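Note sheet for the following structure.
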Amino acid sequence: MSFICTRGGTVVTASQAILSGIAPNGGLYVPAVFPVLPRDMLPALAGMSYPQRAAYVLSLLLDDYAYDELLQDTQAAYSHFDAHDVAPLAHLSNNLDILELFHGPTLAFKDMALQLLPRLMLSAAKKNGETRRIEILTATSGDTGKAALEGFRDVPGTGCTVFYPQGGVSRVQELQMTTTGGGNTHVIAVRGNFDDTQTGVKRLFTDRALVARMNERGCILSSANSINLGRLVPQVAYYVSAYVDMLKSGELRPREKFNVSVPTGNFGNILAAYYAKRMGVPIARLICASNRNNVLTEFINTGRYNAGRAFHKTISPSMDILISSNLERYLFELCDRDSVQVNEWMRSLSATGAFDVGQAYSEKMRETFSAYFTDDNGTRDAIALGWQRHHYLCDPHTAVGADAVLQHYHKTNELPRTLIVATASPFKFAPDVAGALNLSCADGQDAFACADKLAQLTCLPVPPQITSLKTLPVRHTQTCEKEGMEQALMQAVEK
Ligand SMILES: *Cc1c(COP(=O)(O)O)cnc(C)c1O
């Protein structure tokens with residue numbers, strides 16, 4: 001029993017936490033203690049493949065999974081990646097590296113966790129004698145949905161329903177989802193923004209009548225959103241792997257620290273970096289990069305979290321988020337695991353849309369985190385600069401992370417070794433990337449024409465996952481109001 005809940009009460013095993021997604025009291029599961037990455041394992045890790053490294057890191061965190069079992073899962077999960085080393089580093093300059101996390105089937109970093117999650121979940125069901133069908137419910141701002149659909153598509157004993165905000169995702173993201181095959185997948189467009197969609201899905205999980213109805217049909221509900229522990233843990237592995245790679249290449253001396261810049265929305269990816277730091281990866285500072293939805297920038301700089309603000313659609317749509325659901329896990333650490341305190345902050349957030357951690361906690365937070373944001377123009381400038389200066393093409397999300405590194409440099413006059421986390425392929429957001437470079441496409445918004453332009457420029461092929469969208473039939477057309485998500489779900493699964 002080694003996972004506890006941020007809001008107190010429940011203590012569970014890793015497999016139980018993965019199976020249920022969220023705790024019954026609405027809290028999130030976190031490790032009871034952070035395991036330590038033994039220093040004498042580093043040489044061995046250097047000689048391992050990515051699936052082996054990931055299985056090792058997972059075995060430290062997941063108490064009731066064995067290394068061999070995990071290795072089978074990681075080997076299968078990462079076998080469809082188009083980079084041999086799964087999460088490779090691209091060396092930009094003396095002390096700048098990019099950690100590329102977009103080599104999976106959906107071209108965004110969500111694959112790192114979502115190719116693995118169904119496997120972790122099926123073993124979790126077995127370990128707990130759970131024979132009911134697992135219905136996955138997911139809200140998406142664009143990338144999670146497709147990654148979840150690909151992960152769970154035709155996995156026996158599971159179903160996967162994705163809700164996305166209508167008009168709130170890019171054309172390619174929408175096509176990726178609505179053309180998904182598989183006999184167990186459902187995609188529903190919600191007339192609302194991402195926060196409406198996410199709040200709606202959370203409500204479905206705590207709706208007792210719905211849960212009972214699903215149980216009668218022999219189903220349990222679970223989540224593939226980043227609140228699920230099974231999403232978080234695979235993400236810790238790539239920070240360990242990047243550290244090992246930097247040591248191996250000699251870029252990093254033993255014990256030398258480095259900064260990490262993470263383009264952030266739900267605070268899942270950057271939280272994984274924080275966990276890696278707590279486990280002994282020598283990360284100095286975590287740079288939290290946001291777009292114009294800069295609620296986290298303000299929070300880290302002032303201690304006040306205020307979701308009561310205008311919502312902006314940006315060219316980095318997977319970060320268009322005002323309620324960062326994984327922040328709760330960090331808040332739990334910030335207040336030294338005081339679940340009464342976390343409950344108070346969360347109650348305030350749901351009642352008033354805001355909370356304030358006060359000056360002492362606010363200062364403590366800035367010992368580890370720095371935060372910056374940029375708007376769409378700044379994002380475009382960062383894409384152009386990355387190409388001009390380093391001949392590296394990044395997607396708009398990654399560009400927000402790169403811009404934050406630049407701002408941090410201007411503020412501190414220091415550029416320590418820094419890892420910028422690349423969360424999506426530029427081909428996935430081709431119109432905006434091409435626009436940033438002033439490339440003329442036949443029609444500025446035609447994703448396919450723009451992808452071709454990027455391919456010419458970079459001498460890289462357009463990924464087949466993009467090309468195939470031209471011809472795949474649209475299979476999912478269901479829509480609903482934000483108040484009608486329960487009905488829509490029942491309609492979808494009972495079809
Ligand atoms: C999901 C996503 C993010 C934000 O990650 P979080 O874990 O939610 O902070 C950033 N970039 C891309 C491309 C994404 O898909």
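The values are calculated or read from the model by the stated rules, or taken from the named source; none is laboratory data. Since the model is a prediction, treat every value here as computed from it, not as a measurement. A quick note on method: Cβ atoms are made from the backbone with ideal geometry, for glycine too, and the neighbour counts reach across all protein chains shown. Note: areas computed on protein heavy atoms with side chains; ligands, DNA, RNA excluded. Shrake-Rupley method; radii C 1.70, N 1.55, O 1.52, S 1.80 Å.
Data for the structure
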| read-out | value |
| --- | --- |
| Loop-located trypsin sites (Lys or Arg not before Pro) in region 216-257 whose Cβ has at most 10 other Cβ within 10 Å (DSSP) | ARG255 |
| Span from the region 2-67 Cα centroid across to the region 383-419 one, whole angstrom | 32 |
| Sequence of ASP40, ASP195 from largest to smallest accessible area, 1.4 Å probe | ASP40, ASP195 |
| Rounded accessible area of THR131 (nearest 10 Å², 1.4 Å probe) | 130 |
| Solvent-accessible heavy-atom area per residue, rounded to whole Å², over the chain at 1.4 Å | 37 |
| Gyration tensor over alpha-carbon atoms, the chain, equivalent ellipsoid semi-axes in Å | 30, 28, 24 |
| Of LYS127/LYS277; LYS248/LYS411; LYS313/LYS453; LYS202/LYS482, those spanning more than 20 Å from alpha-carbon to alpha-carbon | LYS127/LYS277; LYS248/LYS411; LYS313/LYS453 |
| Share of carbon and sulfur in the accessible heavy-atom surface of the chain [1.4 Å probe, %] | 50 |
| Kirkwood estimate for region 36-165, i.e. one over the average of 1/r between Cα atoms, Å | 16.2 |
| Mean ellipticity per residue at 222 nm, deg cm²/dmol - from DSSP H runs of n ≥ 4 across the chain, formula -39500 (n - 2.57) | -13500 deg cm²/dmol |
| Computed E for ALA66/ASP40 - FRET, C-beta separation, R0 25 angstrom, nearest 0.05 | 0.75 |
| Geometric extent, Cα atoms of region 148-229 - Rg, Dmax (angstrom) | 13.3, 38 |
| Beta bridges by DSSP in the chain, antiparallel share as percent, to the nearest 5 | 25 |
| At least 20 Å along the helix axis (C-alpha) and Kyte average at least -1.0, DSSP helices within the chain | 229-248, 396-412 |
